[in-house]
1. So which helices (runs of 4 or more DSSP H) stay within the range 414-490 end to end and still have 2 or more residues that are under 25 Å from the mean Cα position of the chain (by Cα)?
2. Can you name the condition, by its number, that V459 falls short on among (1) crowded, with 20+ Cβ neighbours inside 10 Å; (2) within 26 Å of W270 (Cβ to Cβ)?
3. Any residue at all in the range 434-452 that's assigned by the TED database to the domain that holds E482, touching a strand residue (DSSP E or B) at 6+ places or on another chain (Cβ under 8 Å), farther than 16 Å from E482 by Cα and buried (at least 17 other Cβ atoms within 10 Å of the Cβ)?
4. Within the group V21, V37, which residue is touching a Leu at 6+ places or on another chain (Cβ under 9 Å) and not small (G, A, S)?
5. Answer yes or no as to whether K367 is touching a helix residue (DSSP H, G or I) at 6+ places or on another chain (Cβ under 8 Å), among the charged types (D, E, K, R) and open to solvent by 30 Å² or more (accessible area, probe 1.4 Å).
6. Quick one: which strands (runs of 3 or more DSSP E) lie wholly within the range 133-248 and hold at least 1 residues that are open to solvent by 20 Å² or more (accessible area, probe 1.4 Å) and among the aliphatic types (A, V, I, L, M)?
7. Among the residues of the range 399-408, are any closer than 21 Å to F462 by Cβ, part of a helix (DSSP H, G or I), open to solvent by less than 10 Å² (accessible area, probe 1.4 Å) and polar (S, T, N, Q)?
Amino acid sequence: LERPGMDRTAGEEFLREAFQVLLEEAVRKGTDVTEKVCEWKEPGELRELLDLELRSWGEPPERLLGRCRDVLRYSVKTGHPRFFNQLFSGLDHHALAGRFITESLNTSQYTYEIAPVFVLMEEVVLAKLRELVGWSSGDGIFAPGGSMSNMYAMNVARFQRFPESRREGNWALPPLVLFTSQESHYSIQKGAAFLGIGTDNVRLVATDERGKMIPEELEKEIERARAEGKEPFFVCATSGTTVLGAFDPLGSIADVCQRHGLWFHVDAAWGGSALLSGKHRHLLAGIERADSVAWNPHKMLTVGLQCSAFLLRDDSVGPGLLQRCHGAGATYLFQRDKFYDITYDTGDKTPQCGRRVDCLKLWLLWKALGTEGLAQRVQRAFAVTQYLTEEVKRRDGFQLVLEPEFINLCFWFVPPSLRGREGSPDYWPSLGKVAPTIKERMMRKGSMMVGYQPHGTKVNFFRQVITNPAVTKGDLDFFLDEIERLGQDL
């Protein structure tokens with residue numbers, strides 16, 4: 001015990017070399033268009049290549065650095081300009097620096113005494129996000145993903161309506177029911193199950209042909225639930241649905257919620273960043289009337305996982321709602337007799353105890369680009385989608401599922417063997433097999449990645465989403481050319 005139990009000098013040398021590996025493999029090669037998006041291996045083969053076994057004795061630094069290279073080599077490069085597979089992509093160097101700092105400091109954002117800089121920073125960033133929503137006051141917290149932000153909304157709404165639920169549980173309440181669209185994110189179902197409300201009590205409201213909730217159908221569902229003896233309490237509208245990129249009509253839904261006295265939540269996890277653009281924020285017209293909003297800057301703004309804000313318009317329901325709903329007042333952490341203002345101890349606003357610092361990467365990116373720079377990033381994503389849409393219309397064999405409203409571009413590729421056969425009975429079943437086959441071929445080749453899915457009665461189609469500001473016209477042309485190449489013989 002006379003000497004430290006670790007070699008700091010050797011550790012710093014390992015970090016220096018590890019950072020070089022990171023810079024070379026993850027930052028440079030991982031964003032280099034001439035490199036593969038993924039080095040596909042089957043699970044058994046990959047397990048052997050990585051040598052994942054944990055043993056009794058440690059390994060020398062040279063071998064560990066080799067392990068680091070292998071991890072990076074065989075992982076999917078989400079910062080690659082030809083990674084279109086998720087609603088997040090790209091690598092922003094400023095945000096990455098913020099993530100490095102966060103990991104180095106290894107703090108938990110629950111009290112001012114342990115995270116003074118980040119408590120103040122989170123307050124500023126959340127206030128700026130609320131301002132973009134259209135609120136001059138309110139509350140909020142960064143949550144571990146949009147799914148959890150939606151669950152926070154459901155929990156807060158239940159507590160606000162039935163504060164006794166915190167002590168007495170669901171059995172002391174009437175049978176609750178909530179409403180969301182058929183196109184809503186699956187986290188609403190998960191949240192209902194997790195909170196004990198039950199998935200049978202999630203009423204899925206009909207949508208129009210573009211995937212938008214129909215307000216008149218919402219009203220009918222609310223009345224139907226009341227006729228069944230249920231207690232409506234919560235409505236979730238979606239701004240930017242996962243597949244089609246639809247925006248529910250928030251103003252009309254707000255009217256319905258106001259008439260019936262229901263909590264109005266907007267899941268803007270995907271579409272919220274359109275608020276930064278003066279040209280496109282009309283898609284979320286009426287969001288300022290919501291009681292709560294979920295917004296994921298880690299998607300469209302390229303902040304990096306994870307960065308999900310749960311925002312609360314506190315003035316309509318009284319101050320401190322998050323604290324009253326979730327607070328437990330643990331005396332070993334949230335002591336009442338501290339020497340500083342304990343209102344800065346924000347950790348009791350959330351069901352979490354330990355909580356990552358998710359504000360720094362967004363704050364540093366915002367400092368680097370400014371609000372105008374972030375707006376340009378959003379507008380570029382729309383411009384990229386518009387270019388690709390026109391190309392899809394122009395090229396033989398490509399067919400839009402619908403004209404995009406947002407940056408979700410949904411289309412089929414019809415191979416030569418199926419063209420002109422739209423009326424045949426095997427046309428749609430055959431077309432449904434095209435996207436999965438092309439996806440397999442692109443991943444085995446490593447040339448790019450893009451998602452596909454069926455939707456309702458529609459067979460599998462590609463959903464292309466671009467949030468990466470490094471993507472160029474050349475990458476877009478390659479994307480369509482590659483699909484043609486990979487599907488020409490199908």
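The values are calculated or read from the model by the stated rules, or taken from the named source; none is laboratory data. Because the structure is a prediction, the values reported are computed rather than measured. Backbone-built Cβ (ideal geometry, glycine too); neighbour counts: all protein chains shown. Just the protein is used for accessible areas: all its heavy atoms, side chains included, with ligands, DNA and RNA removed. Shrake-Rupley method; radii C 1.70, N 1.55, O 1.52, S 1.80 Å.
1. On the way: elements: 427-431, 434-445, 473-487.
It comes to 434-445, 473-487.
2. Checking V459 against (1) crowded, with 20+ Cβ neighbours inside 10 Å; (2) within 26 Å of W270 (Cβ to Cβ), the one that fails is (1).
3. no
4. Working: V37 fails: touching a Leu at 6+ places or on another chain (Cβ under 9 Å).
Answer to the selection: V21.
5. yes
6. Passing ranges, in order: 202-205.
7. Within the range 399-408, the first condition is being closer than 21 Å to F462 by Cβ, and the residues that meet it are 399-408.
Now drop any that are not part of a helix (DSSP H, G or I), which leaves none.
No, there is no match, as no residue in the range 399-408 is closer than 21 Å to F462 by Cβ, part of a helix (DSSP H, G or I), open to solvent by less than 10 Å² (accessible area, probe 1.4 Å) and polar (S, T, N, Q).
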